[in-house]
Each structure stands twice: as structure tokens, then as C-alpha cells.
Amino acid sequence: MKKQCLVMLAGMIEYLEPQCLRDQRYKCDEMSDIYSLGVIFWEISSGRPPFCNFENRMAIIMHILNGNRETPVENTPDDYVKLYQRCWDQEPEKRPEIKAVLEELNMQFPLIDDQKAPYEKWIETKIIEGRINKYNIDEFEDYKLINNGTSNKVYRVRFKNTNNIYALKLFKKNDYTNKEIINELECMISVESHENIIKFHGITYIMNKMDANVIEYGLILEYADNGTLRNYLHKNLTKIEWGFKIQFAIQLVEAVKWLHTHNIVHGHLHPNNILIHGEILKLADFGLSQRVIETSMSPTSSEIFGIIPYIDPQCFRIEPNKNGNFRRYRENENEKSDIYSVGVILWEISSGRQPFENEDPARLLARIRNGLREEPTANTPHAYVTIYKRCWQSMQYDRPSIEDLAKALKDFKDFIDRYITANDKISHISTPYREKIISTPHMEEINILLLGEVGSGKSTFINAFANYFKFNSLDDAISGEIDVLISSTFTITNEDYETKTITVVCDEDEHDMVDNVGESSTQVCGVYVFHAGNSVIRLIDTPGIGDTRGIEYDKKNFENILQNISQHKYLNGICILLKPNNSRLNITFKFCIQELLSHLHKSAKDNIVFCFTNTRGTFFRPGDTLPVLKRELWELKKKSNSILK
């Protein structure tokens, strides 16, 4: 109910709304009190009476009637200033109601209440210090649920003022999530901005509808439009090229390296808290380490066992509590624990699959502790396999530092960018497992052309070459799984003098043929790249000469050979494979050799080597082929004045 305006007593006019000053007959109402509150709020922030520097009362009245007010005091929180300025607005209808004022004060300054929980006091302290920005929940709209986890929900929201899209992460209130909030906020405000880490924009409050004294918190985060790494790999498995996978691997390692630089251990790395924005990988949830989660689920629940493959087995144990529930402990985590997780994620990036998806969850932890690891996916570069295998070593001291890991991936990428041509097969980039990838700014390139008749064993030669680099010893090769770069068929004679036919198949190359007798296994030129120390060895495989389908195929193959080698700056050598006990050389083979030499520099003759394959039956000697070869080389010398040894 409206009441008669109070008499303008001395010392009171500073707190009266303009309407009372303009007309003494004006009847005050609730909005008049709101105006006075606004002035009092200013006085509380400043510590002095309003307009105390004015000479007389009339000057104060004219100042107020003209719409002027006191100037905000420096370092006053912006939201507090906005609140009292709204309260002393010139127009009564624009002033907030007392309920709204009270709610806003409670949200701004819960620290005033000593009954607040410690984590709430910590948050409000950081807001007052300016370390954390605070938003009103009403500033957001267009809510869309994108993740509903066990401890939080994440929404895609739009900020009304700018139309920018953000992620709003709301925590389900309990003792564990309170710790999560503090852990995550502490990490986010202590780490400087990085391209591969989700950016933290601020915090917002939600008043509990059942209890106005209970405040729930939400984090305002950068929104990643392509979802989690796991979903991205699953949806785009057949589309992601290897160069792109390597880029993801580098971005992940750079993000973890940034955390380690700031003395933060993530402790919770897995593909569901790694996000993709555009084509950029973004690390999230890096404040959740060292937490303990108690769950009523069974010990085989996906909540627990879904992340076991990514956890350092030295830091993980599960124990039942008194209620029969299970408590997961994460102990002794350090930077090397993150390295283990990174290794498993690098494997998942290469495979596109979740690790151990077909394993028994109840036995998985014990098997991982005993050394169980995923097998490399077919066509994964050996150098990349070497990198992630070093990461998931059982003992922490055997794993590389994050700096060494970042350097290894960068060197590998530089190697690919610099030395791998359009015709090279990235899946066949190899490095000895016993060697560490090192910086190679001036690597020596060795390009070797392989030639041979159909059936001379070029494909088997290349497969053997690759496995020589892969294994340390013959015993390792016997007990391990050999790599097949090219599908091929060959025969061996066992100790009982029985002939056995062996067929090995590579799933990748659609141009390889093993079923058609008389046709070359290799149908088009292929380049296989191996990294050995400071050298890049490039084997240029060619279709076999003397194809039974006719001379036209041989001519076509020879043109393909010339076109391929023209893309390289130089050839270091030509390796010609021959079978033993050939009483005569194929006419087409001789023609191709002569044509090849006519297209190369005359110095090429100094770098030709003849290798004899399938020599077990001739006691590892060239057999009848050697005299024929010598005769052909002599004839070539007379025709072209070239000497081949």
C-alpha cells in the first residue's frame, strides 16, 4: 500500500528517489525502498556517505534530478555495481523487486554466510579475486543435452548476448562431485590457454528449487562440434587418412605435454574425454585425477571397466567395501601414468576400435597386469607401433617422457612429410623395433629398383626385408607375427624332400594377385619405405617381366616402371633377381634390361647387382643361370660398350 512520502529531513535527501525530491506530494511505495537500497549498497562498497563533497543540499537535489548518481568505487565487483545501479534507476518500473535483489545477492556473495561449504567458499573467493568469471544462468538458452554421465550432465547452449555456442557442464551435487568441481577449476585456472585443451569461460549458479540455500554449479566451457574422439573415429573410420591420424596423435601429446609443464597429471585420459572441434583435438576433464568413485554397480559394470584399458596397471586396484559395493582406487599416479594412457589411445587412433572390446571384463584387469596388450592393427606403420608400444610398457621407468614422446611423433611426421612421395605406401613405413626414432634433419635417401622375371621372388624378398627390420633375431621372428606387405606364393622343400606351397596374403593391396599362375603377384609399381637409423631405404617394386599374358602387358609394365622411377631424383641401385638353373634368359627380360639402361645415366651400370633367389635346391649357388648371365653381359658390352660385373 502506498504511503505519504517522508519529510526531507537534513541528511536524508541522498537516499530519496527523484520522484520524492520533485514532488513532496508523491506517495512512496516498495520501489522507493529499492532506490534507497541501491544508494546504501553503494555506501557499503565505498565506505563513505553519498555526495559528501557537495557544498549544499540544493546542489545534491539538482544532481539527482538530472539523473546523476555516485561513481562506482574501483575494484567493486561488476555484478554488484550492476545490481545497485538497477536499484537506483530513474524510472521506478525499471527497478527490481526485493525478492530478485535478495536472490541475486545470495548468488553473488554466498561467502558472506559462514554456513556455506568450504568448496563454495573457495569458488566465491576465486570469483571475487577475478580468477573465475561468473554468468547468470538466465543468460543462456537453446539447451540441448549432449552427454548424461554418472556425475554430470553436459548441454549445448547459446549465449543470448552474442549467439555464441558453449558447453554447459552441470554437476550432480554430492561429496564426490564437489571435489571434482574444485579439482577441475583449480587445474583450469592454473593452466594458460592452449589450442588442444578445452577452454574454460566461467561458472554459473542454479538455485535448488526445493531449498533456496542449496546452490548447484555449472561450468561454461568451449563447445566441440564433432563430439568425442571415440565417436569421431567410429563414424569416420574408413575416411581418416594416416596423415590425419598422426596429426591427432601429435595434438593429444602436445596437450598432455602442456599439462605436465604446469605440473598437472591428467589421470583420467580416455577417448570419451577427448573432444574434436572441427579437425582439432581438444583435451577435457583434466581436473578429475586422484578421485575415488563409489558405485553400487557390479564389478563388471561398464562404468568401472570401460576405462580399465587406459589406466596404468601399477596405479589401479578395486576393493569391495562393507556394503558390498566396489570402490576404485587410483594410487601413485604421475606423468608416466598419463604416458601409459596415451599409448593405448594412440593404438585406438590407429585402429578405430575400443581396446579389448571382446575380452571378459571380470578378468581384464588381471590380464593387463600380466602384460596383455592389444595387437597392432594391419597396415599400421611400424614406426608408429614402436612409439605406442614404448608408452604402454609395464614398468613406468621403461616409458618415455612426454618430451621424448612429442619429439618422436614430430620426427615421424617430419619424416613422412619430407620423404614419403605420393606413390609410397605409408602402411609400409618401417623402423627397427630395437631403434628409437631420432631427429634426422639430413637423412640419406637410398632408392633401389627391384627387377625380375615373373616368379623370381621379388614379393617374398620385400616381405623378408620388412621382417628383418621388425625382429631382433630369427627366434623373435619365429615366435612373433610376421608382416606381409605383398601377397605372394612360394614353395619350400622340407627335410623329407617334400615340396610345400606357402601362400601369404596382404589384405590391403587390391593389385596383388596370388592365384593366377604365370602372372606377376605385383600388378603395378609399389614403393616400400623403411627407416633405418639415419637412412631412408625405398624399395621400388615392379611387375614381373615375362608375363604369360603377352608382350603387350610387358610393354605396359615397363612404361609404368619408367614413369615411377622418374619421380625420384636418383637411383642408388638396381637389384635384378634371377632364379638359378635357367639355361636361357627370357627375350623380353633382356629387352627390358637394355631399354632401362638406355633411359638411365651411363653411371647406372656401376650400381647394378644380380641376386639369385630360390637357391636352396642348388646349395645356395647360381647354378646354370650364371654362365648364361655372363654371356648376355658380354654381348651387352659389345653392343653398348658398357661393362657390367
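The values are calculated or read from the model by the stated rules, or taken from the named source; none is laboratory data. Here the structure is a predicted model, which means the values were calculated and not measured. Cβ placement follows ideal geometry from the backbone for every residue including glycine, while neighbour counts extend to all protein chains displayed.
Observations, loosely collected:
- Only one entry of Glu374, Glu359 meets the criterion of being charged (D, E, K, R), in contact with a helix residue (DSSP H, G or I) (Cβ under 8 Å, 6 or more places away or on another chain) and at pLDDT below 90, and that entry is Glu359.
- In region 361-372, the residues that are in the same structural domain as Ile311 (by TED's automatic domain parsing) reach residues that are of a type in the set (Phe, Trp, Tyr) and modelled with pLDDT under 85 with C-beta atoms within less than 6 angstrom, at least six apart or across chains, in these pairs: Pro361/Phe305.
- Annotation: of all residues in region 464-482 being in a loop (DSSP other than H, G, I, E, B) and within 18 Å of His531 (Cβ to Cβ), the one that is farthest from the chain's Cα centre (by Cα) is Asn472.
- No other residue among Leu237, Leu259, Leu252 is out of contact with any Asp or Glu (no Cβ under 9 Å at 6 or more places or on another chain), within 25 Å of Gly149 (Cβ to Cβ) and assigned to a helix (DSSP H, G or I) apart from Leu252.
- Candidates Tyr340, Tyr397, Tyr388 - the one that is aromatic (Phe, Trp, Tyr) and either surrounded by fewer than 16 Cβ atoms within 10 Å (Cβ to Cβ) or at positive phi (or both): Tyr397
- Being closer than 23 Å to Pro622 by Cα, modelled with pLDDT of 70 or more and either in a loop (DSSP other than H, G, I, E, B) or aromatic (Phe, Trp, Tyr) (or both) is a condition met by at least one residue of region 582-596.
- The residues listed here are Asn196, Asn106, Asn133, Asn163; of these, the one that is within 30 Å of Leu229 (Cβ to Cβ), of a type outside the set (Gly, Ala, Ser) and at pLDDT below 90 is Asn133.
- In this entry, Thr238 passes the filter for residues that are hydroxyl-bearing (Ser, Thr, Tyr) and outside the structural domain of Glu124 (by TED's automatic domain parsing).
Conditions (1) part of a loop (DSSP other than H, G, I, E, B); (2) surrounded by 15 or more Cβ atoms within 10 Å (Cβ to Cβ); (3) not polar (S, T, N, Q), marked per residue:
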position: Trp42; (1), (2), (3): no, yes, yes
position: Arg48; (1), (2), (3): yes, no, yes
position: Ile64; (1), (2), (3): no, yes, yes
position: Asn75; (1), (2), (3): yes, no, no
position: Leu83; (1), (2), (3): no, yes, yes
